[in-house]
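Okay, structure first, notes after.
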Amino acid sequence: MAAGNQLVFERVDRLAATTIGQRLFTVTAFDAATMQVERVYSSDPEVYPVGGRKAKRDTEFGRRVLIDREPLVCEGDAAIARVFDDHATIGRLGLHSSINAPVVVGARCVGVLNFLMTGSRVTAEQLRAAMASAADAAVVAALANNAGD
C-alpha cells in the first residue's frame with residue numbers, strides 16, 4: 001500500500017462518499033513486523049496527516065483487522081472509544097461510526113481502508129461498499145507489487 005497511489009485513494013474517497021457517506025477517509029499501510037499502521041492517505045490531512053503511525057499490537061483492531069483480516073465496524077461513541085485512542089478527536093469531528101476494511105493481498109493484510117461517518121449506525125450496504133473498495137485496493141496493491149517483475 002504505497003503512498004504513490006494518491007490518485008487511486010482520492011478516487012476511492014470520492015466514490016465511497018456517495019455509497020458509504022464517510023466524512024473522514026484514511027488509508028493505512030500495515031507493517032506486520034512492528035504491528036503498526038502508517039497513514040498513507042487522509043481526506044483531512046490537517047487533523048490526520050499522512051505519515052501518522054499507530055501501534056496495533058494486542059488491540060482489538062490489530063487482532064480483528066490486521067491478523068484475522070476481518071472488517072471492524074464501530075457503531076456509536078462507546079464503540080469508537082473502546083477501539084480508538086484518538087476517540088476524542090473523532091468525536092470533535094462529529095463522527096460516530098466507522099468501518100475499517102482490511103486490504104488483503106494473497107493471505108496477508110497489507111493495509112486498511114478506514115471510513116468514519118456521522119451517523120451512529122452502519123448499514124449492510126455501507127459495509128458491502130467498504131469491503132468492495134478494499135477488494136479493489138487489493139488488486140491495485142497486487143499489481144503495484146508485481147510491476148517490477
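The values are calculated or read from the model by the stated rules, or taken from the named source; none is laboratory data. Just so it is clear, the structure is predicted and the values come from calculations on it, not from any experiment. We place every Cβ from the backbone using ideal geometry, glycine too, and count neighbours over all the protein chains shown.
Remark: pairs (first residue in the stretch 16-39, more than 22 Å from R53 (Cβ to Cβ); second residue of a type in the set (V, I, T); Cβ separation under 6 Å; 6+ apart in sequence or on different chains) = R23/T118.
Scanning the stretch 98-108 for residues that are surrounded by fewer than 22 Cβ atoms within 10 Å (Cβ to Cβ) and touching a helix residue (DSSP H, G or I) at 6+ places or on another chain (Cβ under 9 Å) yields V104, V105, G106.
Rundown of residues vs (1) more than 21 Å from F9 (Cα to Cα); (2) of a type in the set (V, I, T); (3) at pLDDT 95 or above; (4) surrounded by 16 or more Cβ atoms within 10 Å (Cβ to Cβ), yes/no style:
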{"position": "V37", "(1), (2), (3), (4)": "no, yes, yes, yes"}
{"position": "S43", "(1), (2), (3), (4)": "no, no, yes, yes"}
{"position": "V47", "(1), (2), (3), (4)": "no, yes, yes, no"}
{"position": "K56", "(1), (2), (3), (4)": "yes, no, no, yes"}
{"position": "T59", "(1), (2), (3), (4)": "yes, yes, no, yes"}
{"position": "L66", "(1), (2), (3), (4)": "no, no, yes, yes"}
{"position": "I80", "(1), (2), (3), (4)": "yes, yes, yes, yes"}
{"position": "A88", "(1), (2), (3), (4)": "yes, no, yes, no"}
{"position": "R92", "(1), (2), (3), (4)": "yes, no, yes, no"}
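Checking each residue in the stretch 94-107 for being farther than 15 Å from D31 by Cα and at pLDDT 95 or above picks out G94, L95, H96, S97, S98, I99, N100, A101. Where strands (runs of 3 or more DSSP E) fall wholly inside the stretch 1-100, the ranges with 3 or more residues that are within 13 Å of the chain's Cα centre (by Cα) and among the β-branched types (V, I, T) are 24-31. Listed by first and then second residue, the pairs linking a residue in the stretch 129-143 that is in a helix (DSSP H, G or I) to a residue that is of a type in the set (D, E) and surrounded by fewer than 17 Cβ atoms within 10 Å (Cβ to Cβ), with Cβ atoms under 7 Å apart and 6 or more places separating them unless they lie on different chains, form an empty list. Within the stretch 130-137, the presence of a residue that is of a type in the set (G, A, S) and over 26 Å from A79 (Cβ atoms) is excluded. The number of residues in the stretch 108-128 that are modelled with pLDDT under 95 and over 13 Å from the mean Cα position of the chain (by Cα) comes to 1.
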